[in-house]
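Student: Take this structure first; my questions come after.
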Amino acid sequence: MPELPVLHPRAHEELILIGFRVDAGHDGPQFYTLLAVGSDNERPVASDGRVVFFVHPGLAARALALDPSMARLGPPPEGIETFCDVAEALYRVNSQQADPDGVILDCLLVLDDLVRATKLHMPDRYQGILTELVARLTEGAPLRTIFTNQSLREHVEDALLWCVGAVAVKARMLTQ
């Protein structure tokens, strides 16, 4: 009897809403974007090579309309799936010994998708340090064992700030 072909199910892509905070003095998200997840190509909503952000969730449909490939995935979700708290991540990298709720890892994973979408080349030194940090945090290593000296904290901070800057210069913000 001939063998039946093995069918590999197609990845099911869906949209998630991500909130961002960059100002430590602000409570909650300051702006948002949509991310396609569930495949090997996780990506943010983009228009003309720019990542599209918006100032309130009510603008998600407008942002989605700017990216036809993402619009095919369905309507925008109503609730936030992920919160990328850049301000808190930087604070914890700078001075904390623990990150019990994974703020830094969440932020790094989102920034990775956003930086890839910019198509800018991350400097090798930053790529290496952030890749190692993600690996260590994924393994559950506490910050006190990762950051053995202040210089390492400063290098991670520089890498995070490079990512934020790269995304900012390749961004489009919808305000209404």
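The values are calculated or read from the model by the stated rules, or taken from the named source; none is laboratory data. Small disclaimer: the values here were computed from a predicted structure and weren't measured. Neighbour counts are summed over all protein chains in view; Cβ atoms, including those assigned to glycine, are modelled from backbone coordinates with ideal geometry. When the accessible area is computed, the model is the full protein with side chains, heavy atoms only, and any ligands, DNA or RNA have been set aside. Shrake-Rupley method; radii C 1.70, N 1.55, O 1.52, S 1.80 Å.
Student: Keeping every protein chain present and rolling a 1.4 Å probe, give me the accessible area per residue for the range 33-118 in Å².
Tutor: Dividing the accessible area of the range 33-118 by its residue count gives 45 Å².
Student: Grab the Cα-Cα distance for L109 and E78, subtract it from 0.36 nm times how many residues apart they are, and report the gain in nm with one decimal.
Tutor: So the chain would gain 9.0 nm between L109 and E78.
Student: Please report the relative contact order for the range 13-107, taking Cα pairs under 8 Å with a sequence separation of at least 6, and give it as a percent rounded to a whole number.
Tutor: 31
Student: Any idea what Rg and Dmax come out to for the chain if you just take the C-alpha atoms, in Å?
Tutor: 17.8, 68
Student: Multiplying the sequence separation of N94 and D23 by 0.36 nm and subtracting their Cα-Cα distance, what value in nm do you get?
Tutor: Length gained between N94 and D23: 24.0 nm.
Student: Ok, one more. What percent do you get for the relative contact order of the range 87-176 when only Cα pairs under 8 Å and 6+ apart count?
Tutor: 40
Student: Where the only charges are on Cβ atoms (+1 Lys, Arg; -1 Asp, Glu), what is the dipole of the range 105-169 about its Cα centre, to the nearest 20 debye? Provide the component values of the computation, followed by the final result.
Tutor: Numbers: 6 positive and 9 negative charges, 8 e Å.
Here the range 105-169 has a charge dipole of around 40 debye.
Student: Once label points are set 7 Å from the Cα along Cα→Cβ at both T175 and N149, what is their separation, rounded to one decimal in nm?
Tutor: 4.5
Student: Another question, if that's okay. Pairs of alpha-carbon atoms within less than 8 angstrom and 6+ residues apart define the contacts here; what relative contact order does the chain have, in percent?
Tutor: 25
Student: Distance between Cα centroids, the range 78-97 to the range 151-167: provide it in whole Å.
Tutor: Computed from Cα coordinates, the inter-centre distance equals 14 Å.
Student: Give me the net charge of R50's neighbourhood, meaning all other residues with Cβ under 11 Å from the Cβ of R50; Lys, Arg count +1, Asp, Glu -1.
Tutor: Details: positive: K119, K170, R172; negative: D48, D67.
Every neighbour counted, the sum reads +1.
Student: Where nothing but the Cβ of Lys and Arg (+1) and of Asp and Glu (-1) is charged, how large is the charge dipole of the chain around its Cα centre, in debye to the nearest 20?
Tutor: That gives the chain a dipole magnitude of about 460 debye.
Student: Considering only protein heavy atoms, with the full assembly of protein chains and a 1.4 angstrom probe, order E81, E14 by accessible area, largest first. Write out the running numbers ahead of the final one.
Tutor: Working: E81 125, E14 90 Å².
Ranked from most to least accessible, the order is E81, E14.
Student: Once Lys and Arg get +1 and Asp and Glu get -1 on their Cβ, which of M70, Y32, L59 lies farthest toward the positive end of the dipole of the range 9-71?
Tutor: Positive-most Cα among the choices belongs to L59.
Student: Next question. Calculate for the chain the 222 nm mean residue ellipticity that helices alone would give, adding -39,500 (n - 2.57) per DSSP H run of length 4 or more and normalising by residue count, nearest 500 deg cm²/dmol.
Tutor: Value at 222 nm, helices only: -13000 deg cm²/dmol.
Student: Further question on the same structure: Pop out the carbon and sulfur fraction of the accessible area of the chain as a percent, whole number, probe 1.4 Å.
Tutor: Of all accessible area on the chain, carbon and sulfur atoms account for 53 percent.
Student: By the scheme Lys and Arg +1, Asp and Glu -1, what is the net charge of all other residues having a beta-carbon under 10 Å from that of I18?
Tutor: Here the charged neighbours net out to -3.
Student: Identify which of D113, D40, D85 has the largest mean-square fluctuation in a Gaussian network model of the chain, with springs joining Cα atoms closer than 10 Å.
Tutor: Taking springs between Cα atoms under 10 Å, the residue moving most is D40.
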